[in-house]
Amino acid sequence: MSEHPSSNKLNFFEVHLDQLRAALEKVSPTESVRLILSEPKNEVIVHFPVRMDDGSVKLFTGYRIQHNNILGPYKGGIRYSDHVTLPEVKALAALMTYKCALLDIPFGGAKGGVRINPKNYSQTELERVTRRFTHDLGSNIGPEYDIPAPDMGTNAQTMVWMMDTYMNGAGAQNKNAVRGVVTGKTLGAGGSVGRDKATGQGVVYAIDEWAEEKNFSLDGARFTVQGYGNVGSHAAMLLAQAGALCVAVCDHSGAISDPAGLDTVELAAHVKKAGGVAGYDKATTITRDEFFGTKCDILIPAAMEFQIDAHEANLINARVVVEGANGPTTPRGEEVLLAKGVDIIPDILANAGGVCVSYYEWIQNKRSESWNLREVDSKLKERLRSAYERVREFSEEHKVSRRTAALAVAVLRVSDSYRERGIFP
């Protein structure tokens with residue numbers, strides 16, 4: 001139910017390039033930089049066989065797209081979804097380049113995925129899929145080259161399987177030296193405290209900055225969330241802790257509301273057990289359109305791309321849309337929202353908390369350190385605050401949308417690096 005029926009008609013990568021052109025017009029990089037950024041550096045596609053529990057063999061398709069690494073090693077998640085396509089992964093890899101550049105993180109951008117619905121497979125089958133995919137990627141990933149992380153359909157356990165598979169090909173003496181080949185791991189395998197909530201935490205820190213800018217109090221504010229997975233649920237629970245009320249939630253299974261405020265923690269437990277918000281008996285069932293039309297202060301789309309088209313945008317009755325997902329707003333949807341005076345905190349700013357804390361995990365692995373939660377959260381908050389200010393200032397100075405401003409600030413950093421280093425040879 002969360003997915004808009006027309007969402008698969010748009011080419012995500014082409015939409016991204018259109019948004020990028022608007023930013024390029026404002027910063028005027030060299031023609032060579034424009035050319036370089038128009039396509040990923042590498043596109044790795046593997047077709048690999050995996051034995052199922054019943055003894056049969058299935059062939060899976062996996063992707064690892066490496067967009068740019070001028071600022072540092074490639075970095076980006078691995079998603080398991082039967083909707084994974086090459087244009088989608090290319091767009092997500094490009095967004096990672098600009099996300100890292102915007103947050104001043106010394107990583108480049110990448111993204112990967114396997115075309116699979118993980119709900120249709122056992123845990124042992126998913127382990128074999130993950131290990132075989134990692135094996136077939138081979139030297140296309142590495143702790144100083146390309147560092148995967150969790151994404152839709154994957155989690156900390158997936159990352160531990162990837163890490164262990166890579167480790168076992170590194171040789172006994174180098175095993176622990178390559179622990180940082182992935183981030184988003186369990187704590188026992190070298191993960192960082194705060195990584196599980198990092199993307200949702202980043203969403204909330206971005207909302208904090210917006211609230212401060214608008215002189216708006218989150219205590220008593222009303223918010224809605226589309227998608228109640230890792231990002232949406234953590235953002236909701238953290239906002240609730242700040243005194244805000246979650247008045248409606250929508251996901252693939254249905255939509256629910258409670259004007260008095262949903263119990264975000266209890267709802268998260270229900271979703272973990274039932275697989276969706278449907279069936280939660282302490283709320284009223286509503287339609288998808290009623291969800292988007294719910295009067296609120298903050299709407300957090302935290303599901304898939306292209307969920308807010310013109311139809312949904314016309315329904316939305318919120319002060320700000322905070323993009324917890326990548327690319328949740330179509331160009332037509334954005335036009336409608338901006339015309340209505342709805343603020344948009346774009347994805348490469350709002351959901352950058354995950355890659356930021358992944359960077360901190362990578363540093364901890366390299367140094368054999370373990371930071372406490374206060375240190376991780378404070379570093380994340382300061383980095384989000386700094387990025388938000390850069391975007392706000394560029395937007396106001398150049399009279400452009402926050403999305404164009406965010407991309408422009410990121411492109412400037414990438415462009416400066418190429419200007420200093422030149423084009424080899």
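Data overview
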{"read-out": "Qualifying GluC sites (Glu not before Pro) in region 104-144, DSSP loop, other Cβ atoms within 10 Å at most 10", "value": "none"}
{"read-out": "Total charge dipole magnitude, the chain, about the Cα centre, Cβ charges on Lys, Arg, Asp, Glu only, Debye to nearest 20", "value": "940 debye"}
{"read-out": "For region 144-240: rounded, prolate or oblate by the Cα gyration tensor [a/c cutoff 1.5]", "value": "prolate"}
{"read-out": "Within a Gaussian network of the chain (alpha carbon springs, distance under 10 Å), most fluctuating of L239, L126, L337", "value": "L126"}
{"read-out": "Dipole of the chain [Lys/Arg +1, Asp/Glu -1 at C-beta], most positive-end residue of S192, M96, P259", "value": "S192"}
{"read-out": "Cβ-based exposure ranking for L218, L137, L95, in which fewest neighbours within 10 Å come first", "value": "L218, L137, L95"}
{"read-out": "Region 42-189, relative contact order [Cα under 8 Å, separation at least 6], %", "value": "24 percent"}
{"read-out": "A269-S370 FRET efficiency (beta carbon distance; Förster radius 25 Å; 0.05 resolution)", "value": "0.30"}
{"read-out": "Distant-in-sequence amide H partners of S192 (H built 1.01 Å from N, under 5 Å)", "value": "G184, K185"}
{"read-out": "Packing-based exposure ordering (other Cβ within 10 Å, fewest first) of S370, S192", "value": "S370, S192"}
{"read-out": "Pairwise FRET efficiency - D82 versus F424, Cβ, R0 = 41 Å, nearest 0.05", "value": "0.55"}
{"read-out": "Estimated dipole of region 198-350 in Debye, rounded to 20 [Cβ of Lys and Arg +1, of Asp and Glu -1, Cα centre]", "value": "320 debye"}
{"read-out": "Region 237-247 - phi-based ³J(HN,Hα) in whole Hz, Karplus 6.51/-1.76/1.60, Gly and Pro as x", "value": "5, 6, 5, 4, 5, 7, x, 7, 10, 8, 9"}
{"read-out": "Amide H contacts under 5 Å for Q226, placed H, 5+ residues apart", "value": "C250, I300, A302"}
{"read-out": "Enclosed volume per residue, in Å³, of the convex hull spanned by Cα atoms of the chain", "value": "139 Å³"}
{"read-out": "Phi-based couplings in Hz for region 160-170 (Karplus 6.51, -1.76, 1.60; Gly and Pro marked x)", "value": "5, 4, 5, 4, 5, 5, 5, 4, 6, x, 8"}
{"read-out": "Low-density loop cleavage sites - trypsin sites (Lys or Arg not before Pro) in region 224-297, where at most 11 other Cβ are within 10 Å (DSSP)", "value": "K282"}
{"read-out": "Additional length obtainable on full extension of the chain from E335 to L187, 0.36 nm per residue less Cα span", "value": "49.0 nm"}
{"read-out": "GNM top mover of G261, G341, G142 - the chain, alpha-carbon springs below 10 Å", "value": "G341"}
{"read-out": "Exposure proxy ranking, count of Cβ atoms within 10 Å, fewest first, for M162, M237", "value": "M237, M162"}
{"read-out": "Where GluC sites (Glu not before Pro) fall in DSSP loop in region 335-425, at most 12 other Cβ within 10 Å", "value": "E369"}
{"read-out": "Nonlocal amide H pairs with R79, under 5 Å, H built at 1.01 Å", "value": "G112, G113, V114"}
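None of the figures in this text is laboratory data; all of them are computed from the coordinates on show. All figures in this text were calculated on a predicted structure; none of them were measured in a lab. Please note: Cβ atoms are built from the backbone with ideal geometry, for glycine as well, and neighbour counts cover all protein chains shown.
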